[in-house]
Amino acid sequence: MPQNITRKIIAAHLVSGEMTPGGEIGLRIDQTLTQDATGTMAYLQFEAIGIDRVATELSVSYVDHNTLQMGFRNPDDHQYLRTVAARYGIIYSPPGTGICHQLHLENFARPGRTLVGSDSHTPTAGGIGSLAMGAGGLSVALAMAGQPYFLPMPKVVRVWLDGALTGWATAKDVILHLLGLLTVKGGVGKVMEYAGPGVATLSVPERAVITNMGAELGATTSIFPADAVTKDFLARMGRPGDFTELVADAGADYDDEVTIDLSALVPLAAAPHMPDRMTTIKALDGMKVNQAAIGSCTNSSYADLKTVALMLRGRRVHPETDLLVSPGSKQVLSMLASEGLLAHILESGARLLECTCGPCIGMGGSPTSGGVSARTFNRNFEGRSGTQDAKVYLVSPQTAAMAALNGAFTDPATWGQAPARVELPETVPSIRHHFIFPCADGSSVDIVRGPNIKALERFSAMPGVVSAAVALKVGDDITTDHILPAGAQITALRSNIPAISEFVFSRVDQDFVPRIKELGQGVILAGENYGQGSSREHAALGPRHLGVKAVIAKSLARIHRANLVNFGILPLLLVDKADYDRIDQGARLAIPAADIRPGEPVAVAVEGGKPVMVTNDLTRKELDIILSGGLLNTVKR
Ligand code: MIC
Ligand code: SF4
């Protein structure tokens, strides 16, 4: 039977389950990646599993999220990550080398390989034809230990690309268009597989922009074929041997289909505060822009930044607008420097930041109060920039550069001739010497743990009946940034669950932590798509530490749902979504945890009211994990 790319890779890596959408499958994992903010927990968990060396073909530990090293906590985390990598056979990418997804695409990602990463934008590697998925740190730790990665078999959506981009439209506008069409819930349970004549017109870095931000659709992942364009990219990157052709068979089946005419696209923006709030730049004409920020794992490639540098050449950024530029990797930065392009960026008045996530995760570069920020990033959740009332618009590098020069969004019709497309040079200078490759035997390496690195907490088994109050009621589209914010101050506590737990829901309800501490335990009641966004398992670990036993929601985001299971929190779904309105914050519930069966509704008693029916999409194995107090308890047994 003719196969699509996704099913080909899944079939080649399937260790359990059947390839019927919705059913649980287990996949053999070839590669893993972690970043510092989720990595410390992932490696503490890997250590707890008790394996002597990683069992994957390739595992990389990147340090890119928090590199500020303000105080001892953050540098201690880096030291732990460096030593734990050397001990267990993991490649280490020191702070400043670049952003994990950009570096992985440039140096390690391979067509046809499976990759799990403790970061939701791991699908960036789908641009090269890798089946790359974001996961919680514990799932990545298990993959490093050679265990399969379990997920529901996704549906495969064919995204058919017709035509070619014209004028000022870019790859960013392709994914913004798709987000406008499908929304932040549109990709749940699906892989977005790109096909059609438009594919050949897009470079690998452009494809990676699209697969990167496919995470915002809630998709399991996104993937492009590995074709002549991919072959050429890998050759220029000095890795011709890493190429294998991977294309869908003629007549392959898909579960669903969307068509995009690339030639009809215009510059777009995602308006505050959701990546699917689509508008055209034309419609924003005249809106003052206080800050523009170019970079992040979405738009920090050589081509993106060279285009920007050429747009800035000989011009000055508007005096009332700040322009921040963060290259995706040292490779990009050194190429810009050696070609004299850095000078254009610096001379324009822009600020050059380190090759890290930077302002994208609120590590500095916050906008002014109420300010408008045009960012080439992938998320504009409220407060994520570090300024609660800032208005963040997600745009292409070209649009951000124009806004910085003009001090405002202006109609693209007034921008003149669009710049020519930038090609990679024939040979790109390698930066492999910046990575620290592990020795064959790491058994004598001492793992160094600073005082901020706290031992893992042991969680007790779930009681047969959970009697607890609704400690917090929240609406739709609650992101992990709402549950546990990022930023320099809080991210420095990622290795210290008791300390970071003090910030759970701090941007939503300042009284949540004292309230649940007084209650001793509690339930979260939520609307649609609870837990969308980041893979940070701290958004499950923090609530678990504070005593959250269950989340009852209208629907849940994939990675967060898995993290809830991993840490022994019941993810329950309302049978009748209208019941959401019948339960108030503070209501006392009795959840018959021991009686819950996979996919079967049960009645939850509500004190002083009618019972509410809840169901679940859990497997028997997942239920057992939750009842035993979390995955680590099960694994150790
Ligand atoms: C994000 O973009 O939200 C992050 C920060 O990269 C997270 C990971 C984290 O919270 O450490 C993600 O996307 O998974
Ligand atoms: Fe880093 Fe932002 Fe990408 Fe997350 S989305 S990995 S914070 S650059």
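The values are calculated or read from the model by the stated rules, or taken from the named source; none is laboratory data. As the structure is a computational prediction, the values presented were derived from the model and not from experiment. Backbone-built Cβ (ideal geometry, glycine too); neighbour counts: all protein chains shown. In case anyone asks, the SASA skips ligands and DNA or RNA and just uses the protein heavy atoms, side chains included. Shrake-Rupley method; radii C 1.70, N 1.55, O 1.52, S 1.80 Å.
Scanning the stretch 355-366 for residues that are in contact with a Leu (Cβ under 8 Å, 6 or more places away or on another chain) and either part of a loop (DSSP other than H, G, I, E, B) or free of Cβ contacts under 8 Å to residues at least 40 places away in the same chain (or both) yields CYS355, MET363, GLY364, GLY365.
Results for (1) β-branched (Val, Ile, Thr); (2) open to solvent by 10 Å² or more (accessible area, probe 1.4 Å), shown as yes or no for each residue.
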{"position": "VAL465", "(1), (2)": "yes, yes"}
{"position": "ASP477", "(1), (2)": "no, yes"}
{"position": "PRO514", "(1), (2)": "no, yes"}
{"position": "GLY520", "(1), (2)": "no, yes"}
{"position": "ILE524", "(1), (2)": "yes, no"}
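When the stretch 367-386 is filtered for residues that are assigned to a loop (DSSP other than H, G, I, E, B), open to solvent by less than 20 Å² (accessible area, probe 1.4 Å) and of a type in the set (Val, Ile, Thr), only THR376 remains. Only one entry of THR356, THR298 meets the criterion of being over 14 Å from ALA400 (Cβ atoms) and among the β-branched types (Val, Ile, Thr), and that entry is THR356. Where strands (runs of 3 or more DSSP E) sit wholly within the stretch 502-580, those with at least 3 residues that are touching a residue at least 60 places away in the same chain (Cβ under 8 Å) occupy 548-553. Every condition in (1) within 16 Å of ligand 2 (Cβ to nearest atom); (2) under 27 Å from ASN107 (Cβ atoms); (3) surrounded by 19 or more Cβ atoms within 10 Å (Cβ to Cβ) holds for GLY364 except the one numbered (3). Taking the stretch 269-309 as the search range and keeping residues that are assigned to a strand (DSSP E or B) and of a type outside the set (S, T, N, Q), which one is nearest to THR410 (Cα to Cα)? Across the stretch 269-309, the extreme among qualifying residues is LYS288. Condition first: under 19 Å from the mean Cα position of the chain (by Cα) and open to solvent by 30 Å² or more (accessible area, probe 1.4 Å). Can you find one or more residues in the stretch 141-151 that meet it? Yes; the residues of the stretch 141-151 include at least one that is under 19 Å from the mean Cα position of the chain (by Cα) and open to solvent by 30 Å² or more (accessible area, probe 1.4 Å).
Matching residues to (1) in contact (Cβ under 8 Å) with a residue 24 or more places away in the chain; (2) part of a loop (DSSP other than H, G, I, E, B); (3) surrounded by fewer than 19 Cβ atoms within 10 Å (Cβ to Cβ); (4) touching an Asp or Glu at 6+ places or on another chain (Cβ under 9 Å):
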position: MET335; (1), (2), (3), (4): yes, no, no, no
position: ASP389; (1), (2), (3), (4): no, yes, yes, yes
position: ALA404; (1), (2), (3), (4): yes, no, no, yes
position: ALA418; (1), (2), (3), (4): yes, yes, yes, no
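Could you identify the single residue in LYS185, LYS190 that is among the basic types (Lys, Arg), within 29 Å of CYS357 (Cβ to Cβ) and in contact with a Pro (Cβ under 6 Å, 6 or more places away or on another chain)? On inspection, the qualifying residue turns out to be LYS190.
Tell me the residue from VAL548, VAL448 that is closer than 20 Å to ARG73 by Cβ, of a type outside the set (Gly, Ala, Ser) and away from ligand 2 (no atom under 16 Å from the Cβ), please. On inspection, the qualifying residue turns out to be VAL448. A single member of ASP584, ASP617 is open to solvent by 20 Å² or more (accessible area, probe 1.4 Å), assigned to a loop (DSSP other than H, G, I, E, B) and over 30 Å from ALA48 (Cβ atoms), and it is ASP584. Being away from ligand 2 (no atom under 16 Å from the Cβ) and either buried (at least 24 other Cβ atoms within 10 Å of the Cβ) or over 19 Å from the mean Cα position of the chain (by Cα) (or both): is that true of LEU131 here? Yes, satisfied.
Residue under question is THR410, and the condition is that it be away from ligand 2 (no atom under 16 Å from the Cβ), closer than 28 Å to ILE478 by Cβ and among the hydroxyl-bearing types (Ser, Thr, Tyr); does it hold? Against the criterion (away from ligand 2 (no atom under 16 Å from the Cβ), closer than 28 Å to ILE478 by Cβ and among the hydroxyl-bearing types (Ser, Thr, Tyr)), THR410 does not qualify.
Flag: ALA557 matches the condition of being surrounded by 24 or more Cβ atoms within 10 Å (Cβ to Cβ) and out of contact with any Leu (no Cβ under 9 Å at 6 or more places or on another chain).
Give GLU47, GLU18 a once-over and let me know the one that is acidic (Asp, Glu), outside any loop (DSSP other than H, G, I, E, B) and either open to solvent by less than 10 Å² (accessible area, probe 1.4 Å) or in contact (Cβ under 8 Å) with a residue 24 or more places away in the chain (or both). Criteria check complete, one pass: GLU47.
Checked against the criterion of being over 15 Å from THR298 (Cβ atoms), within 16 Å of ligand 2 (Cβ to nearest atom), open to solvent by 10 Å² or more (accessible area, probe 1.4 Å) and modelled with pLDDT of 95 or more, the candidates LEU353, LEU342, LEU346 yield just one match: LEU353. A Cβ distance below 6 Å, combined with a sequence gap of six or more or placement on separate chains, defines the contacts here; from the stretch 103-124, residues that are away from ligand 1 (no atom under 16 Å from the Cβ) reach residues that are in a helix (DSSP H, G or I) and of a type in the set (D, E, K, R) in the pairs ARG110/ASP242. Annotation: of all residues in the stretch 101-114 being of a type in the set (A, V, I, L, M, F, W, C) and within 20 Å of VAL229 (Cβ to Cβ), the one that is nearest to ligand 2 (Cβ to nearest atom) is LEU105. All of THR259, THR230 fail the test of being in contact (Cβ under 8 Å) with a residue 40 or more places away in the chain and open to solvent by 50 Å² or more (accessible area, probe 1.4 Å), apart from THR259.
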